[in-house]
Every structure is written in C-alpha cells, then in structure tokens.
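Working notes, beginning with the structure itself.
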Amino acid sequence: MKRIFLIQIFLLIALLSMTGCKTGSEEQQSAGEPAKIKIAASFEAVKAITEAVGGEHVEVYSIIPDGTEPHNFEPTAKDLMNLQNADLFVYNGFGLESSWLDKALSSTNEEKKLTVVEASKGADPLLLDEKSDDGKAVTDPHIWLSINGAELEAENIKNALNNADPAHKDDYEKNFQAFKNSLDGLKKEYTAKFADSQRKDFVTGHAAFGYLAKDFGLKQNSVSDALLSGEPSAKKLKELTDYCKENNVTTIFVEDMVSPKVSETLAREVGAKAVEIYTLESLPEGMDYISALKYDLEKIYESLN
Ligand SMILES: [Zn+2]
C-alpha cells in the first residue's frame, strides 16, 4: 500500500515537472487543439507576410536572423536548424536566396516532406541594368516591398496554408482579405497623394524601392544598386551629386542595414536631409508589415513636396 502511494507521489511530481516544461504548441495539443504549423521563412519580410496570413495558427521563424542584411547571405548550420523542424518553408525568390537556397534544401531530411513555397511565383519581374556573369538579365528581388508584390506573395502563402491546413481555410482567407484590404487602402490613399506631388522621383541609399516606385509611377535613383554588389564608383557618385543639385533633391533616404555613410555624405554635399526609410529586410521595432510600409510611403510623399 505504502509503495503504491510512493509511486503515485512520484508520478505526480513527474507530471508537474513535465507541465512546467511544456512549450506553447504542446499545451495547445493537450487542450485538444492541433499544434501550430511550423514555418521557416527565409527572411523577415516573408515572415511578416506569412504571420499576417497565418495568424494564430502558425509559428514562423526567420532563417536569416533579424538585423542581418539578406543579400549574399550564407547560412550557418544553426541558421538552418529551423528548416529541419519546419512543415513549410517560404522564400521570396527572384534570386534573393539563390546563394544558399539549393544547398539548404538538399540538407533537409528527405523522409520528412517539407512543403516549399516560392512567394514571388507569378509576379512580373523588374529587370535590372546589371547583367549576371553569363550575360543574363538580373531580376530585382525586392518584390515584397510593394503593394502589388505583397498582395501576390500573401496570396501564394495563403494558398499554401490552405493546402497544408485545410481545417483553418476560413481563417486564412479572412486574414488574407484583411491584409489585402489594408494594402488596397494604402494604394488608394497614396495614389491620390502622389498624383498631386510636385516631383515624381526620390533618391535612396539602396535601390530596394523599384517595385514600390512602379506601383505609383515614381522613379528611384540610388547610391548602391539593388543587389548591393560593392561600393558605388566615383563616376556614379558624381552623376548622382549632379542629378540632386540640378533637380533640387531635398531628401536622401538611408536604410539601416546598408552603410548610411555614403548617403549621408551625399546629403551634406547637395544640402539635402538624410531621412531613414525601411527596406523591410528587417522590421523596425514595434512595427508590422503594413505600418512599416505606410511609414515609407509617407516619408517618400513628404520628400516629393
Ligand atoms: Zn535589398
């Protein structure tokens, strides 16, 4: 009798200590709810869009750590760990992850079927002036940084979630619609504002705003190219300085993950303000995708008047 009592005590202690170690998804499981879908996103922008669509049903990790510049990224084994545990992998495409994508996918456990989602699939590519080593046209990868691009990526992600988790299809459709409505609201508001703007061009440090400019019929000029392939040449800087002076450019935008020094020097040289803008390659503290995009649009709008 005493022995059974001791076993019961032991079991109770074991049970209590196990409860203390439970993760969020395990707790949900024991409450009769299915576990959240584990999603590895390649970087922060794709993570933000996936979270907007997936809502409470998903747990999203970014492979490229927050605050790390995503162009020419090389993942460590630790960075790829989230990929091993994921049900779904969402990447941007258009070449953004090409330096590591194939290697990363071939490293995943073949027995576990990982659903791979190319968020930019079906989008119209914007071709850059740069050519690849074999002479091919290079696509601007920054499709996430635009109204039309984000809507298309959200729709691709929604379709993938509907397939992976049909039980929550209604929620994914609802979340997608809310995200799309917010984007459409921004598009309407800023189409009207930009139509009344005196200027239609702006100058950035990193040429990440090509798709956003296209959404609104604007033009971007930049210190560094879209792929961040090296420092700008003296000739390029001279041209940009002349352009800013001739066109009375009053704002030079700077991005946090790109060296702001050249942009700040340019701003001083031409008597313009240096103003921070976000490429969404990392999300600013306390902002979600929509609020960060709205911030960008407002800053661009202010610079045009
Ligand atoms: Zn970029």
Through the Karplus equation 6.51 cos²θ - 1.76 cosθ + 1.60, θ set to phi - 60°, convert the phi angles of segment 216-226 into ³J(HN,Hα) values in whole Hz; use x for Gly and Pro.
10, x, 9, 10, 9, 10, 9, 6, 9, 6, 5
How large are Rg and Dmax for the chain when only the alpha carbon atoms are used, in Å?
23.3, 95
How large, in percent, is the carbon and sulfur part of the accessible surface of segment 31-144 at a probe radius of 1.4 Å?
48
Segment 224-289 - percent of accessible surface contributed by carbon and sulfur, probe 1.4 Å
50
Can you tell me the FRET efficiency between Glu74 and Ser132 if r is taken as the Cβ-Cβ distance and R0 is 22 Å, rounded to the nearest 0.05?
0.75
How many percent of DSSP beta bridges within segment 31-185 run antiparallel, rounded to 5?
15
For Tyr301, what accessible area in Å² do you get when you roll a 1.4 Å probe over the heavy atoms of the protein chains, rounding to the nearest 10?
60
Fully extended, how many nm does the chain gain between Thr191 and Asp288 (0.36 nm per residue separation, minus their Cα-Cα distance)?
32.8 nm
Using the basic label-point model (7 angstrom from Cα toward the beta carbon), what is the Glu173 to Arg199 distance in nanometres?
4.6
Which aspartates and glutamates have a Cα less than 20 Å from the Cα of Lys187, not counting those fewer than 8 places away in the same chain?
Asp124, Glu151, Glu153, Glu155, Asp196, Asp201, Asp215, Asp288, Asp296, Glu298, Glu302
Helical segments meeting 20 Å axial Cα length and Kyte-Doolittle 0.5 threshold in the chain (DSSP H)
2-20
Please count, across segment 86-138, the pairs of lysine residues with Cα atoms under 28 Å apart that sit 8 or more places apart or on different chains.
9
List the GluC sites (Glu not before Pro) within segment 207-305 that fall in a DSSP loop (any state other than H, G, I, E or B) and whose Cβ has at most 11 other Cβ atoms within 10 Å.
Glu285
Any idea what log10 I(q)/I(0) is at q = 0.10, 0.11, 0.18 Å⁻¹ for segment 31-185, Debye with uniform C-alpha scatterers and no solvent?
-0.36, -0.43, -1.11
Keeping to pairs on different chains or 8 or more places apart, tell me how many lysine pairs in segment 208-266 have Cα atoms under 22 Å apart.
10
Sequence of Lys174, Lys187 when ordered by accessible area, the most exposed leading, probe 1.4 angstrom
Lys174, Lys187
Which log10 I(q)/I(0) values, to two decimals, does segment 196-303 give at q = 0.11, 0.15, 0.20 Å⁻¹ under the Debye formula with one point per Cα?
-0.31, -0.59, -1.07
Give the separation of the Cα centroids, segment 73-148 to segment 201-235, in Å.
21
Please report, largest first and rounded to whole Å, the three semi-axes of the ellipsoid equivalent to segment 160-230, where each semi-axis is the square root of five times an eigenvalue of the C-alpha gyration tensor.
33, 20, 6
Of all DSSP beta bridges in the chain, antiparallel share, percent nearest 5
10
In segment 245-305, the trypsin sites (Lys or Arg not before Pro) that fall in loop regions by DSSP, at most 13 other Cβ within 10 Å:
none
The chain - accessible surface per residue (Å², probe 1.4 Å)
52
Counting only other residues whose beta carbon sits under 15 Å from that of Ser233, what net charge do I get with K and R as +1, D and E as -1?
-3
For His206, His57, write out the residues from largest to smallest accessible area, computed with a 1.4 angstrom probe and no ligands counted.
His57, His206
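The values are calculated or read from the model by the stated rules, or taken from the named source; none is laboratory data. Everything numeric here is computed off the predicted structure, so don't read it as measured data. Note: ideal-geometry Cβ built from the backbone for every residue, glycine included; neighbour counts use all protein chains shown. Note: areas computed on protein heavy atoms with side chains; ligands, DNA, RNA excluded. Shrake-Rupley method; radii C 1.70, N 1.55, O 1.52, S 1.80 Å.
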